[in-house]
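Read through the structure below, which is laid out as structure tokens, and then see the notes.
No lab work stands behind these numbers, since they all come straight from the coordinates. If you're wondering where the values come from, they're calculated on a predicted model, not measured in any experiment. For neighbour counting, all protein chains shown are included, and Cβ atoms are generated from backbone atoms with ideal geometry for every residue, glycine included.
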Amino acid sequence: MRLGLVVPLANEEVTVDEFLRRVLVQLSPGDVVFCVIDNASKDRTLELVERHARNDERVMVVWAPENRCVVDAYFRGYRAAFEHGCDWILEIDGGLSHLPEQIPQFVAAMKRGHDFVVGSRFMTGGAFDGPLSRRLISYLGGRLANVLLGTRMNDMTSGYQCFTRSAMEMVLGSGVRSRGPFFQTEIKYMLRDTDYFEVPIRYSNPTGRVAAQSIAEALRILLRLSFRPRTRPNMSQSP
């Protein structure tokens, strides 16, 4: 099976070499890392990724100046991996908030036939390294989402997750409303009735700040979703 990693990158020149080195060790020869870079990146990130791409054909640069926000960057990467023919599509943070060494547990779960594998910081074996305020926002936000949306995932706000082609086709076909981090919760809600599986991850984020605008948007969309009639997922939507 060909695995495609979707990695939006912006101003990561300090860590991108280490990130790609650690990621590539985990991949098979046919796998691909789609590094999505846009005008938000002002340092040497693009230059460094292009150097890796010249040395390893598994690294692919996706230059996307049309992006207007981080959600655009993720969806640009999703489409690139889908159009490239990847069987499984894994999103991961490029700033080492997520451990590349945990990629194999996602692959192992996908091999068991799940549609959607979610990395969870709040299940047994998971961990959240960072300020208490940031942990509480993620944890309580996830619990509130479960109550209002009728979902049962341990971590509704994580961004380390893997999709089959059919699950990704559904995401691309439906799209999301959010322009901020809440899009991760929208995706989980969208795929709530698929065959999903959670694996424990260790997450590291040194900053405790979450923009008030992002929180307000999340609450607004969460309330809107909570009043939407429940429907079964359509796994054959066209992207």
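On full extension, the segment bounded by Val25 and Arg44 gains 4.5 nm, given 0.36 nm per residue less the C-alpha separation.
Other residues whose C-beta falls under 14 angstrom from the C-beta of Glu217 contribute a net charge of +3, scoring Lys and Arg +1 and Asp and Glu -1. For the stretch 187-197, the Karplus equation 6.51 cos²θ - 1.76 cosθ + 1.60, evaluated at θ = phi - 60°, returns couplings of 5, 5, 5, 4, 9, 4, 9, 7, 7, 9, 8 Hz by residue, with Gly and Pro reported as x.
Residues of the chain were split at every exposed loop site, defined as trypsin sites (Lys or Arg not before Pro) in a DSSP loop with at most 16 other C-beta atoms within 10 angstrom, and the longest piece left, sites excluded, is 69-111.
Each residue of the stretch 162-167 was assigned a 3J(HN,Hα) from its phi angle through the Karplus curve 6.51 cos²θ - 1.76 cosθ + 1.60 (θ = phi - 60°); the sequence is 10, 10, 6, 4, 5, 5 Hz, with glycine and proline shown as x. Estimated from the Cβ-Cβ distance and a Förster radius of 25 angstrom, the FRET efficiency linking Ile215 and Arg112 is about 0.10.
The relative contact order of the stretch 3-226 comes to 24 percent, based on Cα pairs under 8 Å that sit 6 or more residues apart. Between amide H atoms placed 1.01 Å from N, distances below 5 Å from Leu90 occur with Gly4, Leu5, Val6, Phe163, all of them 5 or more places distant or on a separate chain. Within the stretch 3-226, antiparallel bridges make up roughly 25 percent of the DSSP beta bridges whose residues both belong there. What residue among Val59, Gly125, Phe227 has its Cα farthest toward the positive end of the dipole of the chain, where the charges are +1 on Lys, Arg and -1 on Asp, Glu, each on the Cβ? Going by the Cα projections, it comes out as Phe227. Around the amide H of Arg202, modelled in the peptide plane, lie the amide H atoms of Leu99, Ala127, all under 5 Å away and 5 or more residues distant in sequence or on another chain. Each listed q (0.13, 0.14, 0.17 Å⁻¹) maps to a log10 I(q)/I(0) for the chain from the Debye sum over equal C-alpha point scatterers, namely -0.76, -0.90, -1.40. For the chain, the dipole from Cβ point charges (+1 on Lys and Arg, -1 on Asp and Glu) about the Cα centre works out to 920 debye, to the nearest 20. Note on the chain: GNM, Cα springs under 10 Å; of Phe19, Phe227, Phe122, the largest mean-square fluctuation is that of Phe227.
What is the sum of charges around Val6, taking Lys and Arg as +1, Asp and Glu as -1, for the other residues whose C-beta is under 15 Å from the C-beta of Val6? My count for the surroundings of Val6 gives -4. Residue-wise HN-Hα couplings along the stretch 117-124, as the Karplus relation 6.51 cos²θ - 1.76 cosθ + 1.60 with θ = phi - 60° gives them from phi, are 10, 10, x, 10, 8, 10, 10, 4 Hz; Gly and Pro carry x. Within the shell defined by Cβ-Cβ distances under 15 Å, the residues around Cys69 carry a net charge of -1, with Lys and Arg each +1 and Asp and Glu each -1. Relative contact order for the stretch 1-90: 42 percent, from Cα pairs under 8 Å spaced at least 6 residues apart, divided by residue count.
If R0 is 25 Å, what FRET efficiency do you get for Glu66 and Ser133 from their C-beta distance, rounded to 0.05? Rounded to the nearest 0.05, the efficiency is 0.15. Among His84, His52, sorting on how many other beta-carbon atoms sit within 10 Å of each Cβ, with the fewest leading, yields His84, His52.
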